[in-house]
Amino acid sequence: MDVGKILAIAISMVFINNFILSKFLGLCPFLGVSKETKSATSMGLAVIFVMTCSAIITWLLYYFLLIPFNVEYLRTIVFILVIAAFVQFIEMVIRKNSPALYRSLGIYLPLITTNCAVLGVTILNIDNFFPSGQAVKWGFAYSVFQAFFAGIGFLLALILMSGIRERLQFADTPRSMRGVAIAFVVASLMSLAFMGFNGFRF
Amino acid sequence: MEILIPIIILGGLGLGFGLVLAIASKKFCVEADPRIEKIFARLPGANCGACGFPGCMGFAEGLIQGSCSVEKCTVSNEEAKEEIAKILGVKIKEEVKKVATLHCFGGNRAKDKYTYQGIKDCVAANLVLGGQKACVYGCLGFGDCLRVCPFDAIKMSEDGLPLIDKDKCKACNKCVEICPKKILSLSPLSGNVFVACSSHDSGKDTKAVCSVGCIACKLCEKICPVDAIHVVDNLVIIDYNKCTSCGKCVEVCPMKTIKKRE
């Protein structure tokens, strides 16, 4: 396993190919849950967890089920099934074992079910680490790291956005721009800023 | 044959996940408090939010947790409240019944200062120089309040003013919040006199734009036997803690600004 490669994945996923600000995936929670830093952090952590676990499950399914039977074209529908079922399962477990965590995370978990960023990261893993249908060496570890750092990037974007929006509350915004309108403007400016990272080449 | 493989794989996966979830939902099932359902069934279900909770379900949960009391629901009737109190094992406190009241009687009687041709919406009209009425305090008459009312208690009268049905009104505060002129308020139903004007202009200026506005003549203040009425900043204010609803002010008011609720 190449540490340099993992570092490259980390920087790429957090900054250059940030899922929200460069790939425009998972925009609904980005605008919906970024009003307070606290809930944004919980949401981000939940996404990191779900992304990493779904990456593990989907990689295994793809490698041991879809490739041997030559049905790679089923990946999208199978991955959606995996993510939805997995999130449901996690929700039940958390609800039973940790009511406190459920209360702080509860409403965000169903949101993650339909979060395109999670599906995006699993599909991206398959695209990156199964070139020409063959698994690359250490591909499993790489894809888990890629999902984890994609989650970190998601968390970063969410925290940055919520920080800005908390301060925006006190700004004298024109009436017609208040609320979601100014949030979209902020999001696009942040996205422009993150596109500046595109100059990095590894 | 080839078509069978994807069918089996997808069907098998779906079935597998379904089974796991079914078993998990049995194994990890959380017993919900049965009282929540019972209370929810007795709440009005309008989800108006007057209690400050997100909908009736949120209110029911709040009641169980003890973070609020039954009286917070202004909408449900006395019987329902008593039943809920019984479920919770608490006594309810008597609360003053309130009703939304419009503090303006201008409508078509108040003059316009320009012809408004925009969206027929009070908030929109208010953005254009404070609305088309010459009286800057008065009702604009586009009926934002009746659109927002969840109980269908507000109708538009022929005078171009919202008429509030005091039996249907549940004092949910929605119309009070939406009104851009802030001329609706919740006043106690027991005090059945109210001031139908919000103008802080001087008597002369009010008279110039509206035939029924308060001219701050102070006749009501002088006649009130219990010192409940005062003219503050060119407008009559009734103190409902002192008012006995004797109706003397209604008779004496030259502009018929103070009214009795029918």
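The values are calculated or read from the model by the stated rules, or taken from the named source; none is laboratory data. The shown structure was predicted, so the numbers you read here are calculated from the model rather than taken from an experiment. Please note: Cβ atoms are built from the backbone with ideal geometry, for glycine as well, and neighbour counts cover all protein chains shown.
Pairs please, first residue from segment A:57-70 and under 13 Å from A:F130 (Cβ atoms) and more than 10 Å from chain B (Cβ to nearest Cβ), second anywhere and part of a helix (DSSP H, G or I) and among the small types (G, A, S), Cβ atoms under 6 Å, 6+ apart in sequence or on different chains.
A:W59/A:S143
Find the residue count for segment B:133-168, including only residues that are of a type outside the set (A, V, I, L, M, F, W, C), more than 15 Å from B:C104 (Cα to Cα) and part of a loop (DSSP other than H, G, I, E, B).
So the count comes out to 6.
A quick yes/no check of all residues on (1) within 28 Å of B:I237 (Cα to Cα); (2) assigned by TED's automatic domain parsing to the domain that holds B:I237:
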position	(1), (2)
B:E78	no, no
B:H103	yes, yes
B:Q117	no, yes
B:V128	no, yes
B:F151	no, yes
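Could you list all residues from segment A:57-85 that are among the hydroxyl-bearing types (S, T, Y) and exposed (fewer than 15 other Cβ atoms within 10 Å of the Cβ)?
Passing the criteria: A:Y73, A:T76.
Give all pairs with beta carbons closer than 6 Å in which a residue from segment B:222-239 that is within 17 Å of B:K207 (Cα to Cα) and in the same structural domain as B:K207 (by TED's automatic domain parsing) meets a residue that is charged (D, E, K, R) and at pLDDT below 90; count only pairs at least 6 apart in sequence or on separate chains.
As it stands, the answer is B:V231/B:K218; B:V231/B:E221, since those pairs meet every condition given.
In segment B:192-261, which helices (runs of 4 or more DSSP H) lie fully inside it and hold 1 or more residues that are in contact with a helix residue (DSSP H, G or I) (Cβ under 7 Å, 6 or more places away or on another chain), over 27 Å from B:K133 (Cβ atoms) and not hydroxyl-bearing (S, T, Y)?
B:219-223, B:248-252
Here are B:G107, B:G89: which of them is buried (at least 16 other Cβ atoms within 10 Å of the Cβ), away from chain A (no Cβ under 14 Å), on the phi > 0 side of the Ramachandran plot and of a type outside the set (K, R)?
B:G107
Does B:G191 count as of a type outside the set (A, V, I, L, M, F, W, C), crowded, with 21+ Cβ neighbours inside 10 Å and touching a Ser or Thr at 6+ places or on another chain (Cβ under 7 Å)?
So B:G191 does not fit the description; no.
Looking at B:K81, B:K72, B:K27, B:K38 in this structure, which one is under 30 Å from A:A85 (Cβ atoms) and basic (K, R)?
Testing whether each residue is under 30 Å from A:A85 (Cβ atoms) and basic (K, R) leaves just B:K27.
Evaluate the following for A:L119: is it in a helix (DSSP H, G or I), closer than 22 Å to B:G12 by Cβ and within 13 Å of another protein chain (Cβ to nearest Cβ)?
No.
Among B:K168, B:K256, B:K242, B:K248, which is the only one that is of a type in the set (D, E, K, R) and within 30 Å of B:G55 (Cβ to Cβ)?
Being of a type in the set (D, E, K, R) and within 30 Å of B:G55 (Cβ to Cβ) holds for just one of B:K168, B:K256, B:K242, B:K248, which is B:K168.
Being surrounded by 17 or more Cβ atoms within 10 Å (Cβ to Cβ) and over 20 Å from A:I56 (Cβ atoms): is that true of A:L119 here?
So A:L119 does not fit the description; no.
Give segment A:49-76 a look and list any residue that's at pLDDT 90 or above and among the aliphatic types (A, V, I, L, M), or say none.
A:M51, A:A55, A:I56, A:I57, A:L60, A:L61, listed by residue number.
Which numbered condition in (1) within 14 Å of chain A (Cβ to nearest Cβ); (2) closer than 30 Å to B:N192 by Cα is the only one that B:L13 fails?
(2)
Kindly provide the set of residues from segment B:16-68 that are within 14 Å of chain A (Cβ to nearest Cβ) and either at positive phi or touching a residue at least 40 places away in the same chain (Cβ under 8 Å) (or both), ordered by number.
B:G55 - this is the single residue of segment B:16-68 that is within 14 Å of chain A (Cβ to nearest Cβ) and either at positive phi or touching a residue at least 40 places away in the same chain (Cβ under 8 Å) (or both).
Going by the structure shown, is A:V87 of a type outside the set (S, T, N, Q), within 22 Å of A:A40 (Cβ to Cβ) and within 14 Å of chain B (Cβ to nearest Cβ)?
yes
So for segment B:3-13 (the condition being in a loop (DSSP other than H, G, I, E, B) and at pLDDT below 80), does at least one residue qualify?
No, that holds for no residue.
A:R95 fails exactly one of the following numbered conditions: (1) within 15 Å of A:L60 (Cα to Cα); (2) free of Cβ contacts under 8 Å to residues at least 24 places away in the same chain. What is the number of that condition?
(1)
Is it true that A:T76 is part of a helix (DSSP H, G or I), within 14 Å of chain B (Cβ to nearest Cβ) and of a type in the set (S, T, N, Q)?
So A:T76 passes the test.
Among the residues of segment A:16-39 satisfying the criterion of being assigned to a helix (DSSP H, G or I) and under 13 Å from the mean Cα position of the chain (by Cα), which is surrounded by the most Cβ atoms within 10 Å (Cβ to Cβ)?
So the residue we want is A:F30.
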